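Only the coordinates and a few stated rules stand behind these numbers; no lab work does. Predicted, not measured: the structure shown is a model, and the values here were computed from it. Cβ coordinates were reconstructed from backbone atoms using ideal geometry, including for glycine residues, and neighbour counts include every protein chain displayed.
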Amino acid sequence: MAAGFPEDFLWGVATAAYQIEGADLEEGKGPSIWSDFSHKPGRIDFGESGDVACDHYHRFTEDIDLMTELGLNSYRFSISWPRVLPKGSGTTNQKGIDFYDKLVDKLLEREIQPIVTLYHWDLPLDLQARFGGWECRDISNYFADYSSLMFYRLGDRVKYWITLNEPYCSSHVSYLWGEHAPGKRDLKMSLSVAHNLLLSHGEAVRRFREDVKDGLIGLTNVSTFVEPVTDSKEDLRATKIYDQFVNGWFFETPLTGEYPSELFALFENAGLTPNIESEDMEIISVPFDFWGVNYYTRNLVRREESSILGTEVVQGELPKSEMGWEIYPEGLEAFLFKAYKQYGKKPIYITENGIACKDKLLNGSVDDHRRIEYLRQHFSAALNAIKGGVDLKGYFVWTLMDNFEWARGFSKRFGLVYVDYNNDLRRIPKKSFEYFRDFIRTM
Ligand code: IFM
């Protein structure tokens, strides 16, 4: 086990169904909102889609071989809801369930713990068409039923579950910025979607407690470390509000059953708050077992009168990844301390961390020294947090192999393994793959 980390620490990689599986409408799978969105002109760079992606659906054995070579003891992946329930509810697709059955069995055979995310953005299109998907509070019953189905089918072997991946993105990036499916721009709707997502998380946790006797369930959030541009009173206040928007709304609310008060008041004054029914907050805050922290960068914030939040995120001056995100390992350490202290002293798993680099395949190999340095610094930040008392239990590098990076298509490469899109999707481990493998092995 990697030097200084606990013996039972989970070391893994993370992926998501739509980003790697491909076989998008194969063997009974229904379309998702991403199947639809990625075919709309102008939505995805270079008009790309996840139709084929990395073809993991057909090549999962080869991909598990790579995980074995890495020496991982865990793997975080998501289930495609429309692969198992093509219309989101009703008739199941046995072939889809068989796929996840085989995946889980193969992982366990290799002594790799499966960590299952129930929702990583690929909502069945039928639910969107029928009643607006996350826009309608009924979605929480559909999500709970789908979750129960998966608990029933895989719960005998899967011991770690994550309800939602980054509800901030499924609400604001999808419904406010309009960059992700279904690509709308409406803050009131976005807040209502966020509420329905949190409600769905709570309903799924309730089902989990009823259905599964042995296992843990958590919630994974975007975890951005937020800092003020200056120490002025205005910038400090703006930072607090922005922190409630990006972090607190999704960390504090499921923990306490109350939305962060200052930001809630601000939205209330603007007539933007979601419709909250009497039992909602109790359901939203049903106790769960752990936090998933997805950390990539920090945001620098200052006061900006004219925006609704009264805040503006400004470009910092640190070196940036190919996504344009500042590289700031200190932010991971600081966020872990903050999350542990402020969000209920729950066990934490870093469920995603990684970097997009300008990787080049030269003479059959990819020398991604920038990624190695990024991982080295972030592993060290995580270790400092453990030494400082944070109950950090696992680390999942984003991501196993280059894949479909949502609106950026295949142009951004985050993988430890290079995927040669021009040559039959050949997998070529990068230098960072070797670095990670050796890092995990060091005692
Ligand atoms: O690729 C995404 C992933 O699906 C969710 N978290 C951030 C990653 C990098 O943008």
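What distance in nm lies between label points placed 7 Å from Cα along the C-beta direction at Gln315 and Ala265?
3.6
Per-residue ellipticity at 222 nm for the chain, helices alone: DSSP H runs ≥ 4 residues times -39500 (n - 2.57), over residue total, nearest 500 deg cm²/dmol?
Rounded to the nearest 500, the figure is -11500 deg cm²/dmol.
Could you state the per residue volume, in Å³, of the convex hull enclosing the Cα atoms of the range 156-265?
With only Cα atoms used, the range 156-265 gives 125 Å³ per residue.
Given points 7 Å out from each Cα along the Cα-Cβ axis, report the Tyr421 to Lys358 separation in nanometres with one decimal.
For the pair Tyr421/Lys358, the computed spacing is 1.7 nm.
Which listed residue (Val205, Val173, Asn247) has the Cα farthest towards the positive end of the charge dipole for the range 114-252, taking +1 on Lys and Arg C-beta and -1 on Asp and Glu C-beta about the Cα centre?
Going by the Cα projections, it comes out as Val205.
Starting at 0 and stepping by 10 Å, how many percent of the alpha carbon pairs of the chain end up in each bin?
Values per bin, smallest distances first: 4, 22, 34, 28, 11, 1, 0.
Plugging the Kirkwood radius over Cα pairs into Stokes-Einstein for the range 310-443, at a temperature of 10 °C and a viscosity of 1.306 mPa s, what D comes out in µm²/s?
98
Of the cross-linked pairs Lys346/Lys387; Lys213/Lys346; Lys40/Lys102; Lys320/Lys360, which ones have a Cα-Cα span greater than 22 Å in the structure shown?
Too far apart for the 22 Å limit: Lys40/Lys102.
For Asp105 and Glu27, what does the FRET efficiency come to when R0 = 22 Å and r is the distance between their Cβ atoms, rounded to the nearest 0.05?
With a Förster radius of 22 Å, E is 0.75.
For the range 136-215 and the range 222-281, compute the distance between their C-alpha centroids and round to whole Å.
20
Provide Arg76, Arg157, Arg370 in ascending order of the number of other Cβ atoms located within 10 Å of each residue's Cβ, fewest first.
Starting with the residue having the fewest Cβ neighbours, the order is Arg157, Arg370, Arg76.
Can you find, among Ser49, Asn141, Gly12, the residue sitting farthest towards the positive end of the charge dipole of the range 1-143, where Lys and Arg contribute +1 and Asp and Glu -1 at Cβ?
Asn141
Each label point is 7 Å from the Cα along the Cα-to-Cβ direction; what then is the distance between the points at Thr61 and Ile308, in nm?
5.1
Take the chain, mark every one of the chymotrypsin sites (Phe, Trp or Tyr not before Pro) that falls in a DSSP loop and has at most 15 other Cβ within 10 Å, then report the longest stretch left between them, sites excluded.
The longest such stretch corresponds to 178-420.
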